[in-house]
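The values are calculated or read from the model by the stated rules, or taken from the named source; none is laboratory data. Here the structure is a predicted model, which is why all the values come from computation and not from measurement. Counting neighbours? That spans all protein chains shown, and the Cβs are built from the backbone with ideal geometry, glycine included. Only protein heavy atoms, including side chains, enter the accessible area calculation; ligands, DNA and RNA are left aside. Shrake-Rupley method; radii C 1.70, N 1.55, O 1.52, S 1.80 Å.
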Amino acid sequence: MHQMTLAEIARGLADKKFSSEELTKVLLARITQLDPQLNSFISLTEDLAIEQAKAADARRANGDSGALLGAPIAHKDLFCTQGIRTSCGSKMLDNFKAPYDATVVAKLAAAGAVTLGKTNMDEFAMGSANESSWYGAVKNPWNLEHVPGGSSGGSAAAVAARLLPAATATDTGGSIRQPAAFTNLTGLKPTYGRVSRWGMIAYASSLDQGGPLARTAEDCAILLQGMAGFDPNDSTSIDEPVPDYSASLGDSLQGLRIGVPKEYFSAGLDPRIAELIQNSIQQLQKLGAVIKEISLPNMQHAIPAYYVIAPAEASSNLSRFDGVRFGHRCENPENLIDLYKRSRGEGFGAEVQRRIMVGAYALSAGYYDAYYLKAQKIRRLVKNDFMAAFNEVDIILGPTTPNPAWKLGAKNSDPVAAYLEDVYTITANLAGLPGLSMPAGFVDGLPVGVQLLAPYFQEGRLLNVAHQYQLNTDWHTRTPTGF
């Protein structure tokens, strides 16, 4: 049962081949048995899961249906879940139980999804390796000595190891797409505003976006269908109709114009990954796509701009964690200043502290114009590059990451080296565009992903291309040894 995709589970439940309760118990037992190797979960919610599974079975018995009704999933541990620890992978929120459900959690629960638990993540979503979590690093099921990517590494590792069929995740600079590439999954970052951020604990508010992680594009379409939609509680949510993502999966790719930026194939790209990307291009050409070289001239400025804007927003968002109202509080503070200093110093890890300091510096009176304002101007140039490109092509294709997953600890002493691994993903967040990573092959036994980008609200087009590609390749069907 654990090898089934979300779509296969939906068909199995509809055909009464098994119940949601039976499936849920199988997967909970599998998590208990195998997750100690991976550390992909922070919290398991066995009682809630069984309760939700029984309710889903009762709804089906009464004639209710739906692709997510009775389907087991997990939530990245920054989606607030009522009465359940929501830690953000941080000591700061280790004792925090959310008093309400995030909109994403509520929508999926209403659709009948069964929550198995909360997955591990880089602390406050800051990282590319899932090594900054206070609960310890997550291991990549393809090689336990390597990182699974971050910050959604817990969700990615759990799905890749067949502990569950799909999970929610978030993407601020590539944190859905990069872990998807590192663990042989399909991961989708929707258009900014497509999925509600209400109840999703913020890292960088103008960049964060929730989305699905699953094994196939078909499964991502199912999960996104349950997540997407306008939310009046979120001021950045877009009131745009949500199409039936599954309905367009079978569309032909004949005549589809795919742009390949020349800037993607620079000296920083592993040549073995470049070869796999070329193989993917050839496969899509066989399916009728037309390839065109394009240029994104301001891509080279994206990383420095991102690592000014994101820390600046983080320094503002994380100021609320002060040891007063909720979260970690130091023991026996001498006064209010001591309470703030020690609570924040003890509660936040090194990477979070680093980004808060960088952000506070960039926003300070003497440096705002020189750093933050200039970064926002670069952000506009990046967006303009994409708008010009999409006048010529329908989607943009390239590598998701410049290298395969690195070994645990390999980049801990050089944060900038880890930041550079986001070179292909962060531009979509700066521009607010939808992006998808899908499996494209292996290098030294480690998965590699190909990234697709599309105009605003064209998630269906990305899912269509990925689905057609997956019907003609088998990379996404490979399973890590031992899982």
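Within the same chain, lysines fewer than 8 places from Lys292 are excluded, and of the rest, those with a Cα less than 16 Å from its Cα are Lys262. Taking 7 Å steps out from each Cα toward its Cβ at Tyr368 and Thr479 produces label points 5.7 nm apart.
May I ask for the net charge around Glu331, where only other residues with Cβ less than 10 Å from the Cβ of Glu331 are counted and Lys, Arg are +1 while Asp, Glu are -1? Around Glu331, the charge tally is +1. Scaling the Cα radius of gyration of the range 85-168 by the globular reference 2.2 N^0.38 Å produces a ratio of 1.12. Tell me which aspartates and glutamates have Cα within less than 16 Å of Lys383's Cα, excluding those fewer than 8 residues away on the same chain? Partners found: Glu263, Glu392, Asp394. Rounded to the nearest Hz, the phi-derived 3J(HN,Hα) couplings of the range 86-101 under the Karplus curve 6.51 cos²θ - 1.76 cosθ + 1.60 (θ = phi - 60°) are 10, 9, 6, x, 10, 4, 4, 10, 4, 9, 8, 10, 5, x, 7, 8, where x marks glycine and proline.
Using θ = phi - 60° in the Karplus curve 6.51 cos²θ - 1.76 cosθ + 1.60, the 3J(HN,Hα) couplings for the range 184-196 round to 6, 10, 9, x, 10, 9, x, 3, 4, x, 6, 10, 4 Hz; x is entered for Gly and Pro.
Once R0 is set to 22 Å, what does the formula 1/(1 + (r/R0)^6) return for the Cβ-Cβ distance between Gln33 and Arg59, expressed as a FRET efficiency to the nearest 0.05? After rounding, the FRET efficiency stands at 0.15. Entry note, the chain: the mean residue ellipticity at 222 nm calculated from DSSP H runs of n ≥ 4, each adding -39500 (n - 2.57), is -11000 deg cm²/dmol after division by the residues and rounding to the nearest 500.
Across all directions, the average projected area of the convex hull around the alpha carbons of the range 226-367 is 15.0 nm². Sorting Lys407, Lys76, Lys377 by accessible area puts them as Lys377, Lys407, Lys76; the probe is 1.4 Å, largest comes first, and only protein heavy atoms count.
As a ratio to 2.2 N^0.38 Å, the alpha-carbon radius of gyration for the range 137-188 is 0.95.
With only the Cα atoms considered, the range 1-116 has a convex hull volume of 99 Å³ per residue. Over the range 211-262, the fraction of Cα-Cα pairs per 10 Å bin, rounded to whole percents and listed from the shortest bin up, is 20, 34, 35, 10, 0.
The ellipsoid equivalent to the alpha-carbon distribution of the range 17-64 has semi-axes of 25, 11, 6 angstrom, derived from the gyration tensor eigenvalues as √(5λ) and listed largest first.
Each Cα pair under 8 Å and six or more residues apart adds its separation to the average, and for the range 1-134 the resulting relative contact order is 27 percent. Proximity of backbone amide H atoms, modeled 1.01 Å from N, is registered between Ile42 and Lys118, Thr119, Asn120 at under 5 Å, excluding neighbours fewer than 5 places apart on the same chain. Working note: Cα gyration tensor of the range 80-122, eigenvalues times five, square-rooted, sorted largest first, giving semi-axes of 20, 11, 8 Å.
Working from Cα pairs under 8 Å separated by at least six residues, relative contact order for the chain is 18 percent. Over the range 43-103, the reciprocal of the mean inverse Cα-Cα separation, the Kirkwood hydrodynamic radius, stands at 13.0 Å. A DSSP coil position with no more than 14 other Cβ atoms inside 10 Å describes the following GluC sites (Glu not before Pro) in the range 367-468: Glu392.
The mean sequence separation of alpha-carbon pairs under 8 Å and at least six residues apart, normalised by the residue count of the range 347-483, gives a relative contact order of 22 percent.
If the Kirkwood radius is taken over C-alpha pairs of the range 369-459, then at 10 °C and 1.306 mPa s the Stokes-Einstein diffusion coefficient equals 106 µm²/s.
Charge tally around Cys220: other residues with Cβ under 11 Å, Lys/Arg +1 each, Asp/Glu -1 each, net -1.
Remark: the Cα gyration tensor places the range 226-308 in the oblate category, a/c being 1.5 or greater and a/b not exceeding b/c. Counted by Cβ distance under 13 Å from Ser237, the other residues give a net charge of -2, where Lys and Arg count +1 and Asp and Glu count -1.
The spread of Cα positions in the range 156-289, taken along each principal axis and listed from longest to shortest, comes to 45, 33, 32 Å.
Extending 7 Å from Cα along the Cβ direction at Lys97 and again at Ile291 yields two label points whose distance is 5.6 nm. In the calculated pair-distance distribution of the chain, the portion above 35 angstrom amounts to 26 percent of the Cα-Cα pairs. The distance between label points at Tyr340 and Arg325 comes to 1.5 nm (points 7 Å beyond Cα on the Cα→Cβ vector). In this structure Glu331 has an accessible area near 140 Å², from a 1.4 Å probe over the protein heavy atoms.
Backbone geometry of the range 440-449 corresponds, through the Karplus equation with coefficients 6.51, -1.76 and 1.60 at θ = phi - 60°, to 3J(HN,Hα) couplings of 9, x, 9, 10, 6, x, 10, x, 10, x Hz, x marking Gly and Pro. In the structure shown, the pairs Lys54/Lys118; Lys139/Lys189; Lys25/Lys54; Lys17/Lys54 are assessed against 18 Å; a Cα-Cα span above that value is assigned to Lys54/Lys118; Lys139/Lys189.
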